[in-house]
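The values are calculated or read from the model by the stated rules, or taken from the named source; none is laboratory data. Every value quoted in this text rests on a predicted model; they were computed, and no experiment measured them. A quick note on method: Cβ atoms are made from the backbone with ideal geometry, for glycine too, and the neighbour counts reach across all protein chains shown.
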Amino acid sequence: MVHLETDIFIIGAGGSGMYAAIAAARNGAKVIIADKSMIGRGGATIMAQMTTAAALGDEEPDHWTMHLEDTLLAGRGLCNEELSSVLCKEAIDRIREMDDWKVGWARKNGKITGVGAPGHRKPRCVYVDFLNTGPAVAKCLRTQIVRNAEVTRISGLLITDVVVEDGVVVGAVGFNLADQTPVTIAAKAVIIAAGGLTRLYSRNSASANMNGDGYAMALRAGAELIDMEFPQFFPIGHLAPRLVGMDPIMWDPFRYKLGGRLRNAKGEEFVHEYGGQDEGKYLTTRDIISYAITKEEEAGRATSNGGVYLSFEHLLEEELRSAFGPVIDRLAANGIDLTKRPIEVAPIAHYHMGGIKVNSRMETSVLGLYAAGEAVGGANGANRLSGNALVEAFVFGERAGRFSAIYATGKQRGWSNKSGIRHLDSLNNLISCKHSDDPEHAELGQIWAELQNLMWQNVGVLRTGLKLKKTLLRLRSIRENLEEVTPAKGQAFNLTLQDWFDLRSGLLTAEAVTLSALNRTESRGAHQREDFTETKQSFERNQSISLDRNGSLNSRFVTSKNFSELKNAR
Amino acid sequence: MNEMKDRVTITVKRGAQNEEPHFEVYRVPYREGMSVLDAIMWIRTNIDSSLAVRYSCINANACKECMVMVDGKTQYACTTRLLNRDTTIEPLSNKVLIKDLVTDIVPPKENLHFIVKNIPSNV
């Protein structure tokens, strides 16, 4: 057993966690940052091959209020406008700051290059060539924290619970993955920077460790979630032929640089049938394209693999090379020549608009508990614009770090020798439990597979009340019976213990998504109900989810602050 | 995606640091173009969840966590295509073994026990 003490403890070391560490340290705090994967390697940031949006105005005149208007429009009336404002305004500061840290934004004539993307009226999406934005950002932020003596980094530490006493955060409990050593961390404030839930879906684009931990941890700590019915489906995830060594969302940058044409199995373009506009350009937002492709599949016009064609066959080899240089060689190594054949694409789970409910200081409803990055809900409403995810990590990470450090200043740690005992006991019980007799132990893998299929089939792009109800019951039953499922024997890097905790969080988060989707009896943005196809004015409200003492999830609708109220407040 | 007719034999070197290593043989459905990591993940889901492996990004060759030996050569499991023939997967031979395919690749300063020894009181 190991006990550590710090001012600020950060769970998750992707873009938002690392930015939070930098900001907390420069505001005078000692920081420990931990990740169940490796620092700067897990999570979504490193996977982001594409762009990030900020109204720099370098490419052509732009203003953050225009970025805000675009974000609110895409959010279909559900954005927390205070959070969206902060996001669009401070995106500029963070992009410039990272430029000072030599992240390597692509430039032309000395100016940072901005490109367009659907829903953005200005070319404001910046990137690092080629398809290297996420890795470059992760490396840049990691370098900043490695140099910082105030920041201690721990890789391979899985946090199971945030510890709250008398309504105040006092620290966290977890274990070292390599040898199951239990770990307690006393902290003045805790930042949950472990957002993302795409692993809950069988078709997904993100890394293995994004299974809804952050949301479930927040619920168990007593915080509220918001907009959980809105996971975003990336419309043109790579489907076939099997491609290795590339992110499945890689076709997005191809589309904004080169256009490309979407066709069904009969060779017909179809996006215009669903209110979109495509015709070789990249103009239609993600929710509409996901819907259109899923409907084509339903109508029997999908390819044999269950998707549609994306074609760049009308382009010349030189055009492809000048836009994507070495990527064209990586495609060739996969046997793909884009001038000769289309590839197949289909929607995949990509991002989560919903998340932990916070104010603009990233404070949750629990004193001392903060959230950052994708873990935060509200800034993007019912649909996120391309490019708003990485800046959300930077802006909300910086804010969570800064405001938690200010909160922690002058405070004493509330940890006592009784703190975290309940969580430690259940961890120790699980480690020392009577293990299954099945030496091969595929049970946890099978439950994971069932969870992913349930979510994809029934809580995916198109939803109906009946399927949602059935799924909710099944998820509850698996969650209630999880106590009877045991990890395999053995202390060394026992992945089944991680699988168990991942499932515990994943099931709770999946239930929150399903319950929210069931209650929203309308269609809006990424939430499309086949039994309620209209968007209803009465549902221009956010749904808030909390966990009660009996372990049940409760939902209520709350009216979101609109912009005019905010203007009055100023 | 329905080309699951063939199975391919995968031999995995297993065992923790202080155990006698042994080889286990799995028959994995073969699909044209699949990666070595696809096969390992299939084994974990369908046969043995206790097989230890380190990976994060699954497919993108971004996280660089999944390095193993495939038929004696050091490779990223996520970018190495599985060939339709017998394949042997082993942990890296030049790193300290933790368990099965997992070796100690964490930077020492990010290791819990190093931190406890060297930073006795963090504040």
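Applying a threshold of 9 Å to beta carbon distances and a minimum spacing of six or more residues, or different chains, the list of pairs starting in the stretch A:135-158 at a residue that is acidic (D, E) and ending at one that is crowded, with 23+ Cβ neighbours inside 10 Å and assigned to a strand (DSSP E or B) reads A:E150/A:V31.
Results for (1) of a type in the set (S, T, N, Q); (2) surrounded by fewer than 21 Cβ atoms within 10 Å (Cβ to Cβ); (3) touching a residue at least 60 places away in the same chain (Cβ under 8 Å); (4) within 15 Å of A:F557 (Cβ to Cβ), shown as yes or no for each residue.
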position: A:A488; (1), (2), (3), (4): no, no, no, no
position: A:F493; (1), (2), (3), (4): no, no, yes, no
position: A:G506; (1), (2), (3), (4): no, no, yes, no
position: A:V513; (1), (2), (3), (4): no, no, yes, no
position: A:A526; (1), (2), (3), (4): no, no, yes, no
position: A:E530; (1), (2), (3), (4): no, yes, yes, no
position: A:E534; (1), (2), (3), (4): no, yes, no, no
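I need the full set of residues from the stretch A:496-518 which are of a type outside the set (A, V, I, L, M) and either farther than 18 Å from A:H352 by Cα or at pLDDT below 95 (or both), in order please. Within the stretch A:496-518, A:T496, A:Q498, A:D499, A:W500, A:F501, A:R504 meet the criteria.
Taking the criterion of being under 30 Å from A:Y282 (Cα atoms), part of a loop (DSSP other than H, G, I, E, B) and of a type in the set (K, R), would at least one residue in the stretch A:384-405 satisfy it? Give the derivation first.
Initial filter on the stretch A:384-405 (under 30 Å from A:Y282 (Cα atoms)): A:384-396.
With part of a loop (DSSP other than H, G, I, E, B) added as a condition, the list becomes A:384-387.
Filter once more, keeping what is of a type in the set (K, R): A:384.
Within the stretch A:384-405 (the criterion being under 30 Å from A:Y282 (Cα atoms), part of a loop (DSSP other than H, G, I, E, B) and of a type in the set (K, R)), the answer is yes, since at least one residue qualifies.
Does at least one position in the stretch A:50-60 carry a residue that is within 18 Å of A:A393 (Cβ to Cβ) and within 13 Å of another protein chain (Cβ to nearest Cβ)?
Within the stretch A:50-60, the subset within 18 Å of A:A393 (Cβ to Cβ) is A:50-56.
This time we only want the ones that are within 13 Å of another protein chain (Cβ to nearest Cβ), so: A:50.
Among the residues of the stretch A:50-60, at least one is within 18 Å of A:A393 (Cβ to Cβ) and within 13 Å of another protein chain (Cβ to nearest Cβ), which makes the answer yes.
Among the candidates A:D548, A:D499, A:D531, single out the residue that is within 14 Å of chain B (Cβ to nearest Cβ), acidic (D, E) and either more than 22 Å from A:R286 (Cβ to Cβ) or out of contact with any strand residue (DSSP E or B) (no Cβ under 6 Å at 6 or more places or on another chain) (or both).
Values: A:D548 fails: within 14 Å of chain B (Cβ to nearest Cβ); A:D531 fails: within 14 Å of chain B (Cβ to nearest Cβ).
Of the residues listed, the single one that is within 14 Å of chain B (Cβ to nearest Cβ), acidic (D, E) and either more than 22 Å from A:R286 (Cβ to Cβ) or out of contact with any strand residue (DSSP E or B) (no Cβ under 6 Å at 6 or more places or on another chain) (or both) is A:D499.
You will find that of A:G368, A:G378, the residue that is in contact (Cβ under 8 Å) with a residue 40 or more places away in the chain, assigned by TED's automatic domain parsing to the domain that holds A:E398 and under 22 Å from the mean Cα position of the chain (by Cα) is A:G378 and no other. Residues of the stretch A:167-177 include at least one that is touching a Gly at 6+ places or on another chain (Cβ under 7 Å) and of a type in the set (G, A, S).
Counting the residues of the stretch B:59-104 that are facing chain A (nearest Cβ under 8 Å) and part of a loop (DSSP other than H, G, I, E, B) gives 12.
For the stretch A:226-267, the set of residues classified as over 14 Å from A:R286 (Cβ atoms), within 14 Å of another protein chain (Cβ to nearest Cβ) and assigned to a strand (DSSP E or B) consists of A:H238, A:L239, A:A240, listed by residue number.
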